[in-house]
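Any read-out appearing in this document is the output of simple, stated calculations on the displayed coordinates, not a laboratory observation. If you're wondering where the values come from, they're calculated on a predicted model, not measured in any experiment. Note that each Cβ is placed from the backbone with ideal geometry, even for glycine, and that neighbours are counted across all protein chains shown.
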Amino acid sequence: MRMNGNNCPQVLSEQDMIQDMLSEEKSLLSNYGTFIPEAACPQLRQVLTQNFTDCAQNQYDIFDKMSQLGWYPTKDAPVADVTAARDKFNQLRQTMG
C-alpha cells in the first residue's frame, strides 16, 4: 500500500493495480524461463512448463485488458519490419546450431 505525504494510506487506482499485476506476471515468466531448463526431475519440469503456459496466458489477458482500456497503447508493425525481425531471428538460430 502506498503512503501519501501525510503518512496516510493511499488507495491504488485500477490502472496501478493492473499494471502491478502485469509486472508480476512478467517477473514470473522470467523466473520460469530460468527454472524450467534446470529442472532435472521430469515431473517438476512438466509442472513448471504448465505453470509457464498458464502464466503466459494470464500475462496476455492482463495486457489485452490494459490495451482495451487504453492503458497499454500499441501499434501494428509494418509487414517489412516483421519479416526482417523473423529473418534475423532465424539466421541467429541457425548460427547457434
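Taking one quarter of the surface of the convex hull spanned by the alpha-carbon atoms of the range 3-61 gives a direction-averaged projected area of 5.4 nm². In order along the range 45-62, phi translates into HN-Hα couplings of 4, 5, 5, 4, 5, 5, 4, 4, 4, 4, 5, 4, 5, 4, 4, 4, 4, 5 Hz, rounded to whole numbers, per the Karplus curve 6.51 cos²θ - 1.76 cosθ + 1.60 with θ = phi - 60° and x for Gly and Pro. Here's the list of aspartates and glutamates a cross-link from Lys75 could span, going by alpha-carbon distance under 15 Å and ignoring same-chain residues fewer than 8 apart: Asp64. Subtracting the Cα-Cα distance of Asp61 and Leu29 from their residue separation scaled by 0.36 nm leaves 10.1 nm.
Distance between the modelled labels on Asp20 and Asp76, one decimal in nanometres: 3.6 nm (7 Å Cα→Cβ projection).
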